[in-house]
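One structure below.
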Amino acid sequence: MIVDDIAETRENIRKLLQFESDVEVVGVARTGKEAIERAGELKPDVILMDINMPDMDGISATEAIRKNYPGHKS
């Protein structure tokens, strides 16, 4: 899952990852709060998280994901 508040950045990362045969982007989120919700729904193996976002920084969002979904790998 890709998390970034800038649409162009999300799309550029998605395009780069398309070249990797063993990687599938299962979803994207625009905010830290959205990332927390989507992580519960999508259960991604990897989350590429922006650190600086307006509503919640990536570190706080990552901590919340780890707390709310303890079965997720981290």
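Of all residues being exposed (fewer than 15 other Cβ atoms within 10 Å of the Cβ) and aliphatic (A, V, I, L, M) in the range 43-66, which is nearest to residue 8 (Cα to Cα)? Just the residue, please. Once the filter is applied, the top-ranked residue is 51.
Return yes or no: is residue 36 on the phi < 0 side of the Ramachandran plot and touching a strand residue (DSSP E or B) at 6+ places or on another chain (Cβ under 9 Å)? Against the criterion (on the phi < 0 side of the Ramachandran plot and touching a strand residue (DSSP E or B) at 6+ places or on another chain (Cβ under 9 Å)), residue 36 qualifies.
Please go through the range 1-28 and give me each residue that is aliphatic (A, V, I, L, M) and in contact with a Leu (Cβ under 9 Å, 6 or more places away or on another chain), ordered by number.
1, 2, 3, 13, 17, 23, 25, 26, listed by residue number.
If you scan the range 1-24, which residues turn out to be of a type in the set (A, V, I, L, M, F, W, C) and surrounded by fewer than 18 Cβ atoms within 10 Å (Cβ to Cβ)? Hits for the range 1-24 are 6, 7, 13, 16, 17, 19, 23.
Read-outs: derived from the displayed coordinates by stated rules, not from any lab. Please read all numbers here as calculations on a predicted model, not as lab measurements. A quick note on method: Cβ atoms are made from the backbone with ideal geometry, for glycine too, and the neighbour counts reach across all protein chains shown.
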